[in-house]
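What follows is one structure encoded as structure tokens, with my remarks underneath.
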Amino acid sequence: MKRENYKLFFVGIMLYAVVALSACSPSTRITGSWINPQSKGKPISGKSVFIASLSRSIEVRNTIENALADAAAQRNIPVIKSTAYFSPDFYQSTPSREVLLSRISKTGAGTIMTVALIDKESDTRYVPGGAGYAPFPSYRWYGGFYSYYNYWRGAFYEPGYYLTDKTYFMETNVYDAASDELVWSAQSETVNPGSIERFAKEYPKILIERMISDGLLQP
């Protein structure tokens with residue numbers, strides 16, 4: 001292999017690695033978090049956590065609460081899911097503060113965790129036509145102008161398209177079940193999650209990492 005081809009070969013490998021790493025990177029990130037000063041240095045433990053996904057969609061509630069429950073189980077944290085405790089009819093009306101807290105208190109939960117979608121944005125951008133730069137699979141066509149031109153000719157007339165990026169802003173709050181006071185809060189940003197299943201798969205991991213760094217959970 002010629003020296004020039006070696007260079008193209010290694011550049012191709014580097015580009016492939018960058019694309020592969022980008023594809024595997026999570027689409028969700030925590031944009032900010034807050035912890036009650038009185039809760040610093042006092043990780044939640046012992047009593048179970050009541051998890052409530054505040055969504056009108058039963059599918060979304062089930063998926064998110066199941067994912068959070070699975071993540072909690074791996075850390076030996078008992079969980080009560082609102083979907084398993086409250087019937088669908090319970091969400092049809094707004095219970096009083098006393099009734100709601102009393103119902104949750106009867107579960108024995110020490111803390112309450114809520115997950116809610118607080119905002120959603122859409123951004124449409126134009127993606128021009130043509131193939132991307134990929135020297136690794138195409139370096140053999142660099143021998144002459146005609147072969148190079150013939151190889152890429154089809155891309156000249158490939159039409160572009162519009163792509164809509166969707167960004168979801170979530171907020172997760174943790175409350176003390178006895179006092180009803182906010183203990184911890186975090187906001188996150190998710191870009192093009194693809195599906196609720198993919199979001200639910202990565203969201204608990206990112207939440208736990210921030211909870212540990214904020215001192216809400218033991219490492």
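Please treat every number below as a calculation from the coordinates, not as lab data. Nothing here was measured: the structure is a model prediction, and the numbers come from that model. Cβ: placed from backbone, ideal geometry, glycine included. Neighbour counts: every protein chain shown.
In table form, for the structure just shown:
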quantity	calculated
Long pairs among Lys42/Lys106; Lys40/Lys166; Lys81/Lys120; Lys40/Lys120; Lys166/Lys205; Lys106/Lys201, criterion Cα-Cα beyond 27 Å	Lys40/Lys166; Lys40/Lys120; Lys106/Lys201
Neighbourhood net charge (13 Å Cβ-Cβ; Lys/Arg +1, Asp/Glu -1) for Ser48	+4
Most to least packed among 75-88, 55-68 [average Cβ atoms within 10 Å]	55-68, 75-88
